[in-house]
1. From the residues in segment B:157-172 that are open to solvent by 50 Å² or more (accessible area, probe 1.4 Å) and among the small types (Gly, Ala, Ser), which one is nearest to B:Gln80 (Cα to Cα)?
2. Would you point out the residue of segment A:173-200, among those that are among the aliphatic types (A, V, I, L, M), touching a helix residue (DSSP H, G or I) at 6+ places or on another chain (Cβ under 9 Å) and assigned to a loop (DSSP other than H, G, I, E, B), that is most open to solvent (accessible area, probe 1.4 Å)?
There are 2 protein chains.
Amino acid sequence: MKFPRSLETLLNELEYLPTVGPKTAARLAFHILEAPSSRVQALAQAIIDVKEKLQKCTRCGNLAEGELCEICRDGRRNEQTICVVANARDLMAMESSGEYKGLYHVLGGLISPLDGVGPEQLNLASLFNRVKNENVKELIIATNPTIQGEATALYIKKILKSGKEILITRLASGLPMGANLEYSDPLTLSRAICNRVPMH
Amino acid sequence: MKFPRSLETLLNELEYLPTVGPKTAARLAFHILEAPSSRVQALAQAIIDVKEKLQKCTRCGNLAEGELCEICRDGRRNEQTICVVANARDLMAMESSGEYKGLYHVLGGLISPLDGVGPEQLNLASLFNRVKNENVKELIIATNPTIQGEATALYIKKILKSGKEILITRLASGLPMGANLEYSDPLTLSRAICNRVPMH
């Protein structure tokens, strides 16, 4: 059928979004049609703003509205620890745990030769500069426990070398909280056994 | 944690949309961040346009960019048949079947006393006017086979009375295509038995 042109355009644009198929696009479009104008204007403005205002923090590569991101600007963070993450989404996941109080470094990806991503495509030079010039005592490598994440972690460790000057650590691998041994995969179980910790 | 303000705003606005929770909002927001500017501008513009340009067709109540909707403007539609639907989404579902070639009338809801919706809240007066003034031979009532849909269908039938002047029909109820008898609900099966049709 013929939709009105502006509706057709909106449906097409919505379908470019991830998780949005034709049915969800229709549902979203009709919601937008029925929502108050102020709400709709705010959504459209927010979409434009996020694209125009956000840039990369010149220090750590996180998303920032100015030169430095909120975390680099925050004087209360522990400047002796840097947590290395693949992207800003992983950084936000780390922050949501509330456990980590240090700084970050966002790589902008992971080493993945099959996808043509080598170390030189990543935000690594600036990491090595920070380790050299800032007073960093510990580097926590928080890349995913996947082939790409492990490769990236090993690459960084090979270049920097854990030692007296800097301690390089990796996030613990093991059973997720609430997991069921019966349904855990053998690799996770084998990691959990190897990395078992004494009970206090 | 503190997100950059513009990202925080976008996440909040996205969460007003149906089917979008915090995780989907984050996924959409990061997609928007990484998408080309032109695509993002187009999305924002489409959202504003759909709200500003669309209005109700003065004849049938469907969504329209001008005075009349695409269907009312289309000279090839059969003007002797009007299909009555609850809203524009149902109209689009009907159109997607490709089976119907007549005109529509969009009620803007269904009679539902519990929600405070009576016949006077619906686009019914204009339907009765059309039946009186246009050359309508058949009225297909395509409201949902639910309590509200049936009540609305009965109300329209009571007012207009099927007869020599106008034939009032209702969409067939029965087993959906591809259905499994074993898992069908008793009400649907009972309708399917009552409304059984001779095989040609």
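1. That would be B:Ser162.
2. Per the stated criteria, the residue is A:Leu175.
Every residue, every condition in (1) within 24 Å of A:Pro22 (Cα to Cα); (2) without any contact (Cβ under 8 Å) to a residue 12 or more places away in the chain, yes or no:
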site: B:Leu68; (1), (2): no, yes
site: B:Glu79; (1), (2): no, no
site: B:Asn87; (1), (2): yes, no
site: B:Leu91; (1), (2): yes, no
site: B:Gly109; (1), (2): yes, no
site: B:Ser112; (1), (2): no, no
site: B:Gln121; (1), (2): no, no
site: B:Lys157; (1), (2): no, no
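Condition check ((1) within 7 Å of another protein chain (Cβ to nearest Cβ); (2) touching a Pro at 6+ places or on another chain (Cβ under 9 Å)) across all residues:
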site: A:Glu13; (1), (2): yes, no
site: A:Tyr16; (1), (2): yes, no
site: A:Ala25; (1), (2): no, no
site: A:Pro36; (1), (2): no, no
site: A:Leu54; (1), (2): yes, yes
site: A:Ile71; (1), (2): no, no
site: A:Arg76; (1), (2): no, no
site: A:Ile82; (1), (2): no, no
site: A:Ala88; (1), (2): no, no
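The values are calculated or read from the model by the stated rules, or taken from the named source; none is laboratory data. Every value quoted in this text rests on a predicted model; they were computed, and no experiment measured them. Reconstructed Cβ throughout: ideal geometry from the backbone, glycine too, with neighbour counts over all protein chains shown. Surface areas here come from the heavy atoms of the whole protein model, side chains and all, with no ligands, DNA or RNA. Shrake-Rupley method; radii C 1.70, N 1.55, O 1.52, S 1.80 Å.
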